[in-house]
Amino acid sequence: MAIVLASASPRRRELLELMGITDFIVCPASGEPELKGLAPDETVRRIARFKAEHAAALHLDAAVIAADTLVFADGQALGKPRDREDAGRMLHMLSGKRHAVYTGVAVIRGADTLAKAVRTDVYFRSLTDREIEEYIDTGEPMDKAGAYGAQGRAAVFIERIDGDFFNVMGLPVCALALMLRALGIRP
């Protein structure tokens with residue numbers, strides 16, 4: 001059975017390979033559902049399911065994996081920054097505080113669909129304006145929810161993580177492995 005990853009994220013590809021899934025098709029889903037007023041866990045779960053359903057409609061005989069990650073701080077969802085100024089705003093918001101990273105993950109195999117959300121709390125140390133500017137200069141924050149990559153140069157900003165580290169990277173591998181197993185797929 002073919003496996004489809006409904007994401008263009010290089011980090012998610014790396015994490016699937018880490019799980020032992022090396023032969024898969026990449027089919028990023030386009031668009032997102034209109035979601036307002038939902039709790040963070042429900043938001044990411046619904047987005048992941050939407051992406052999985054989109055890819056499953058194109059790959060009827062495949063198992064489809066989709067995920068969506070958002071950072072939540074001070075009651076706001078932080079997706080990927082629009083520009084340099086937005087990245088700075090997000091990093092200032094995270095500086096010296098705890099925030100939550102939610103990843104929704106969905107797996108579809110035939111008529112069966114599993115979807116869940118995983119939360120990880122991340123604690124940033126206080127950042128100086130110069131550190132934020134120098135980090136933005138690297139370009140690293142521009143394609144990441146919350147404007148940082150825990151697996152990259154922003155690792156030096158993180159004092160502590162409570163929960164699944166891989167969730168912060170965009171794919172909760174333990175939860176995904178259990179979901180795949182429940183659908184009869186062994187990575």
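Read the figures in this text as sums done on the coordinates, not as results from a lab. Every value quoted in this text rests on a predicted model; they were computed, and no experiment measured them. For neighbour counting, all protein chains shown are included, and Cβ atoms are generated from backbone atoms with ideal geometry for every residue, glycine included.
Summary of computed values
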| read-out | value |
| --- | --- |
| Highest-first arrangement of 147-153, 100-106, where packing means the average Cβ count within 10 Å | 100-106, 147-153 |
| Mean-position separation - Cα centroids, the range 119-134 and the range 78-118, in angstrom | 16 |
| Ellipticity estimate at 222 nm from DSSP helix runs (n ≥ 4, -39,500 (n - 2.57)) divided over the chain, nearest 500 | -10000 deg cm²/dmol |
| Cβ-defined net charge surrounding Phe124, 12 Å radius [Lys, Arg +1; Asp, Glu -1] | +1 |
| Pairwise label distance in nanometres, Cys174 with Asp61, each label 7 Å out on the Cα-Cβ vector | 3.7 |
| GluC sites (Glu not before Pro) restricted to DSSP loop in the range 19-123 with at most 12 other C-beta within 10 Å | Glu34 |
| Order of Lys97, Lys80, Lys36, Lys144 - criterion: other Cβ atoms within 10 Å of each residue's Cβ, fewest first | Lys36, Lys97, Lys80, Lys144 |
| Residue exposure sequence - Asp162, Asp86 - by fewest surrounding Cβ within 10 Å | Asp162, Asp86 |
| ³J(HN,Hα), Karplus 6.51/-1.76/1.60, whole Hz, each residue of the range 79-94, x for Gly, Pro | x, 6, x, 6, 7, 4, 4, 5, 4, x, 4, 5, 5, 5, 5, 7 |
| Ranked Ser95, Ser9, criterion: other C-beta atoms within 10 Å, fewest first | Ser95, Ser9 |
| Extreme residue, positive dipole direction of the range 3-182, given options Ile132, Pro81, Cys27 (C-beta unit charges) | Cys27 |
